[in-house]
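Report on one structure; see the data block that follows.
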Amino acid sequence: MATGFYSHPDCLLHDMGPWHPECPARLQAIEDQLIASRIDTLIEREEAPLASEEDLARVHTQAHIDFVKETAPSVGRAEIDPDTLMSPGSYHAALRAAGAAVAATDAVIAGTYDNAFCSVRPPGHHAEPARAMGFCLFNNIAIAARHALEVHGLERVAIIDFDVHHGNGTEAAFSGDPRVLMCSFFQHPFYPYSGADNHASNMVNLPMPARTKGMAVREAVDLMWLPRLDEFKPQMIFVSAGFDAHREDDLGNMGLVEDDYTWLTEQIRAVAKRHAKGRIVSSLEGGYNLSALGRSVVAHVRALAEI
């Protein structure tokens, strides 16, 4: 079996303006690097379906779903906060992004793929159950994880978040839920200024100072994440895959490189093989230096597919 690669042209229609770093060119940069690295023919491409409101409602309030739908403009842009805007294509893009994660979950559990990566936007891990923020409208990975628990009946899932920003929305969805173990690292203090003070037993948060490099992250993961994951024995692993901790990314101030993302993915894959039948669904979060983003996603996908 192979690695599924989920995306959709609708994800390019979400456009927050020429000044905004979370831009359609991010997905195009990933495609360019997949072709340049010659692995585009070694992965199985799938078009992301639209998420249903039932999918969204496993994480988000109906009021939030209605707000996002009604805020989408017919022309121009509508502002949710100074960093998060909607264009006419944004609502459909958000449904595709969440739908990709749900469809990938179905396919991996069915055994169609060993694992899957969702090359989608908008990202999701800042979206709280009742609030859009931080470039995010719906929480794609949280929706997929809840789908695995409530539709497929899994009893334990892990969520790995390696974005430079803390996944406050995912934490808000699952803090205190014994069915979910969330492991994350993030630059701190830094937007959204959360995660360092959560003492819920199912949250393994690793706040990292600015300028932290890959070897320090690897040591912390080895000491703090991996023992907890082995103890928890997840039946499936979900990854919020942000690549803005890369040393070339100006939206953060950490020092990771492609080899660090390869190493992280290999550790996640090894845990999945030990406990979860290899089942992993990963979805794109941050990463705003286009070259570094494309190279890092290739490293991540290569490690997922073992190519």
| Those residues of the stretch 142-176 which are among the aliphatic types (A, V, I, L, M), under 19 Å from ALA116 (Cα atoms) and over 12 Å from the mean Cα position of the chain (by Cα), in sequence order | ALA148, LEU149, VAL151, LEU154, VAL157, ALA158
| said: Could you check the stretch 24-46 and list, in sequence order, the residues that are surrounded by 18 or more Cβ atoms within 10 Å (Cβ to Cβ) and in a helix (DSSP H, G or I)? | reply: ARG26, LEU27, ALA29, ILE30, GLN33, LEU34
| remark: Those residues of the stretch 69-90 which are without any contact (Cβ under 8 Å) to a residue 24 or more places away in the chain and either of a type in the set (Val, Ile, Thr) or not in a loop (DSSP other than H, G, I, E, B) (or both) amount to LYS69, GLU70, THR71, VAL75, ALA78, GLU79
| query | How about the stretch 273-299: which of its residues are surrounded by fewer than 24 Cβ atoms within 10 Å (Cβ to Cβ), closer than 28 Å to GLY111 by Cα and touching a strand residue (DSSP E or B) at 6+ places or on another chain (Cβ under 7 Å)? | reply | ALA276, GLY278
| Residue in the stretch 7-16 that is assigned to a strand (DSSP E or B) and surrounded by 21 or more Cβ atoms within 10 Å (Cβ to Cβ) present | yes
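Quick note: the coordinates plus some simple rules give every number you see, no bench work behind them. For clarity, every value in this text was computed on a predicted model and none was experimentally measured. Glycine also receives a Cβ, built like all others from the backbone with ideal geometry; neighbour counts cover every protein chain displayed.
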